[in-house]
1. Identify all residues within the range 167-186 that are within 16 Å of the ligand (Cβ to nearest atom), farther than 17 Å from ARG53 by Cα and part of a loop (DSSP other than H, G, I, E, B); write none if there are none.
2. Return the total of residues in the range 104-140 being within 16 Å of the ligand (Cβ to nearest atom), farther than 24 Å from GLY182 by Cβ and touching a residue at least 40 places away in the same chain (Cβ under 8 Å).
3. Given the condition surrounded by fewer than 18 Cβ atoms within 10 Å (Cβ to Cβ) and at pLDDT below 95, answer yes or no: does some residue in the range 107-117 qualify?
4. If LYS156 satisfies all but one of (1) outside any helix (DSSP H, G or I); (2) under 14 Å from ALA40 (Cβ atoms), what's the number of the condition it fails?
5. Please specify each residue of the range 189-205 satisfying the condition of being assigned to a strand (DSSP E or B) and within 13 Å of the ligand (Cβ to nearest atom).
6. Pull out all pairs, ordered by first then second residue, where Cβ-Cβ is under 8 Å, the residues are six or more apart or on different chains, the first lies in the range 23-48 and is more than 16 Å from ILE144 (Cβ to Cβ) and modelled with pLDDT of 95 or more, and the second is outside any helix (DSSP H, G or I) and basic (Lys, Arg).
7. Within 20 Å of PRO175 (Cβ to Cβ) and over 20 Å from the mean Cα position of the chain (by Cα): which single residue out of LEU90, LEU66 fits that description?
8. Confirm whether SER58 is of a type in the set (Ser, Thr, Tyr) and part of a loop (DSSP other than H, G, I, E, B).
Amino acid sequence: MGIKPDKSFLEDLINKRRSIRKYKPDNPPKEWIETMLHCALMAPSPSNSQPVRFIRISSTGKREKLYQGLNSGKEEFLRAIQHKKEAKKLKNWINTYYRYSEFMFKAPILFAVGTITSYKSFSKRMFEEGIIRHDRREETSLDITVGLALKGFILKGEELGLGTCILTGPMVFIPNIEEILGIHDVRIKCFITAGFPGEKPDMPPRKSIAEIISEI
Ligand SMILES: Cc1cc2nc3c(=O)[nH]c(=O)nc-3n(C[C@H](O)[C@H](O)[C@H](O)COP(=O)(O)O)c2cc1C
């Protein structure tokens with residue numbers, strides 16, 4: 001009680017990990033990515049359903065099409081805000097989020113991450129049977145499960161010396177990701193990049209524990 005234990009290896013990894021947005025061009029070894037995927041696979045999931053899928057986007061053609069989707073999304077946004085009162089502020093915002101999306105195309109490894117559409121949870125069944133009026137659980141469970149899988153993936157990457165970055169920004173610009181990638185049975189929730197880090201960012205500020213905990 002009251003004595004802080006020494007920082008563990010795990011805590012160290014958690015503290016050291018940063019989102020990496022610049023990469024060296026070298027491809028990480030295939031086996032490293034495989035162990036990262038294994039760590040993702042070991043995450044808990046509702047009823048052990050393991051609904052998370054990682055789709056590696058290696059094909060230049062697919063990357064190019066996605067990139068075009070990002071650019072046309074940006075152009076469309078810029079057109080739509082032209083006559084708005086806060087056009088300048090909105091434009092800056094769009095450009096910032098564009099930058100925070102575009103870098104993924106320069107990463108040696110890019111995955112789209114999603115969940116299978118065939119997953120039928122208990123809550124979905126109850127909803128379909130008309131027993132509950134709203135299914136608040138299904139999407140939440142899937143999002144949590146993706147997050148847990150990604151945490152395993154990024155921490156193993158950190159241990160191996162690989163940088164990663166989760167991205168949902170591109171989802172705002174590209175509404176038809178599944179269509180572009182030709183995916184029918186997975187709903188894409190985010191992207192994740194990986195590679196040897198080409199930058200060493202400082203830690204963005206974190207809240208104190210007191211700010212995130214309350215007791216009732
Ligand atoms: C769900 C989620 C979505 C994110 N989307 C983006 C993104 O689109 N672009 C980006 O550059 N970073 C993205 N990030 C990374 C965050 O900006 C980053 O985690 C945060 O600023 C804290 O920095 P750190 O990861 O280095 O500790 C995302 C992170 C999460 C968890």
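The values are calculated or read from the model by the stated rules, or taken from the named source; none is laboratory data. All values reported here derive from a predicted model rather than from experimental measurement. Cβ coordinates were reconstructed from backbone atoms using ideal geometry, including for glycine residues, and neighbour counts include every protein chain displayed.
1. ILE174, PRO175
2. Of the residues in the range 104-140, 0 are within 16 Å of the ligand (Cβ to nearest atom), farther than 24 Å from GLY182 by Cβ and touching a residue at least 40 places away in the same chain (Cβ under 8 Å).
3. Within the range 107-117 (the criterion being surrounded by fewer than 18 Cβ atoms within 10 Å (Cβ to Cβ) and at pLDDT below 95), the answer is yes, since at least one residue qualifies.
4. Every condition holds for LYS156 apart from (1).
5. LYS189, CYS190, PHE191, ILE192, THR193, PRO197
6. No pair meets every condition.
7. Going through LEU90, LEU66 in turn, just one is within 20 Å of PRO175 (Cβ to Cβ) and over 20 Å from the mean Cα position of the chain (by Cα): LEU90.
8. Values: of a type in the set (Ser, Thr, Tyr): yes; part of a loop (DSSP other than H, G, I, E, B): yes.
Taking the combined requirement at face value, the residue satisfies it.
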